[in-house]
Amino acid sequence: MKVVLQNVTKKFPASGKKGEDVVAVNDFTFEIPDGELIGLLGPSGCGKSTTLSLICGLQKPTSGKILFGEDDVTETPPEHRGVGLVFQNYALYPHLTVLQNILFPLENLKGKNKLSKDEMKKRAYAAASLVQIEGLMERRPSELSGGQQQRVAIARALVKMPRVLLLDEPLSNLDARLRLQTREEIRRIQKETGITTVFVTHDQEEAMSISDRIVVMKDGVVQQIGKPQDVYDDPKNLFVAKFLGTPPISVFEGEVKNGALCIGKDVVLKLKNAKDGKVYVGVRPEGFIPEKNGALHCKLKGVEVMGRDISILSENEASQNPVIRSIVSADSKRDIDVSAETVAFSLKPHKVFLFDHESEERIAFDVL
Ligand code: ATP
């Protein structure tokens, strides 16, 4: 089922007399194709959960329209939208068994949607089998691990065969290993069922690893939509560039002077057709090449060996990041004098981004 948001805005009224309305979602337009998994990503308070509530119907937009396929569902209550919702806290009924929890949404179906007891059980076991918890059906939630409880919550959302699945930070309460495992499970289930899914998270790695496309939001405004790798390789502005990537991008105060891109006194690239002026220079961690004659000079603070790669920690007065982390292959270690006080880097031009110093929008450039 395709989901369409057309100029959707949600304002919450000011709480005090003098306060201003909160614009939680601002003019959001987007079409989620049938069967895609979309990661809604952004820092706390950027409007992710509100967007999910609007798709689900728990909140109504102040203006704009929401369509499921060709149906306008803007005024449709949540129970008639055919959505399955999974929250961070699994919200299972503690006094019911796993089977009873999964059956619960089916028992409330009325009229022509009502199912026989046999059909309900069949559906509950099919959903349980998808999330691989058939062996736990007689246990109560308190007898399950966090990961198992979240699987029950997902089975309960799937049992009604929703048209759209909405997941709000579903992995937040799980430990690192389980998070990894459960996110792979979610991707598998989503692919198997083909249900259009929206996944909310503030964790960029999580969103990038499982989404067909990501939507990066800030202060209620969509910053960029695209395939994870495309957004990483081609960020529209400084916010998006900083938000994606671990270790994060290094950002320097820079200046373009007569075609030379300068960081402090170092001329790090020669540019074609570039306008003179102050810029922010972003360099991805994999964009630094340690070389004796490299153009960018930094103070060497340490080298961390991580197996396949090594991480060079350095400092530069023009850097916004207190520590610049560059990742190079472990083979390059012989090229680095770890006892030296400085390290010089050449920069890979396609890993360098320039941003306007005022608008922070990306500036295109060609290398000479
Ligand atoms: P988090 O990651 O912290 O859950 P979020 O990105 O999901 O954040 P939202 O919960 O959608 O953000 O909130 C967006 C903005 O709307 C915030 O400024 C929040 O304070 C505000 N907001 C959300 N719900 C309400 C409400 N019911 N009344 C007033 N303001 C609200």
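Before moving on, here are some points about what is shown:
- Residue within segment 182-195 that is touching a Ser or Thr at 6+ places or on another chain (Cβ under 6 Å), assigned by TED's automatic domain parsing to the domain that holds residue 155 and within 22 Å of residue 83 (Cβ to Cβ) present: yes
- Among the residues of segment 99-123, those identified as part of a helix (DSSP H, G or I), charged (D, E, K, R) and free of Cβ contacts under 8 Å to residues at least 24 places away in the same chain are 107, 112, 117, 118, 119, 121, 122.
- Per-region count, segment 133-161, residues within 31 Å of the chain's Cα centre (by Cα) and part of a loop (DSSP other than H, G, I, E, B): 6
- Failed criterion for residue 84 (all others in (1) part of a strand (DSSP E or B); (2) modelled with pLDDT under 95; (3) over 27 Å from residue 186 (Cβ atoms) hold): (3)
- Subset of segment 69-80 [in a loop (DSSP other than H, G, I, E, B) and surrounded by fewer than 21 Cβ atoms within 10 Å (Cβ to Cβ)]: 69, 70, 74, 75, 76, 77
- Flag if residue 165 is among the aliphatic types (A, V, I, L, M), more than 15 Å from the chain's Cα centre (by Cα) and assigned to a strand (DSSP E or B): yes
- Number of residues in segment 1-47 that are under 16 Å from the mean Cα position of the chain (by Cα), near the ligand (Cβ under 9 Å from one of its atoms) and among the hydrophobic types (A, V, I, L, M, F, W, C) equals 2.
- Neighbours by Cβ (under 8 Å, 6+ apart or cross-chain): first from segment 31-53, more than 8 Å from residue 200 (Cα to Cα); second assigned to a helix (DSSP H, G or I): 37/187; 37/190; 37/210; 42/48; 42/243; 43/243
- Test for residue 286: is it in a strand (DSSP E or B) and either within 20 Å of residue 318 (Cα to Cα) or without any contact (Cβ under 8 Å) to a residue 24 or more places away in the chain (or both): no
- Residue in segment 297-312 that is modelled with pLDDT of 95 or more, surrounded by 13 or more Cβ atoms within 10 Å (Cβ to Cβ) and part of a helix (DSSP H, G or I) present: no
The values are calculated or read from the model by the stated rules, or taken from the named source; none is laboratory data. Bear in mind that the values here come from a model prediction, so they are computed numbers and not experimental data. Cβ atoms come from the backbone with ideal geometry, glycine included; neighbour counts cover every protein chain shown.
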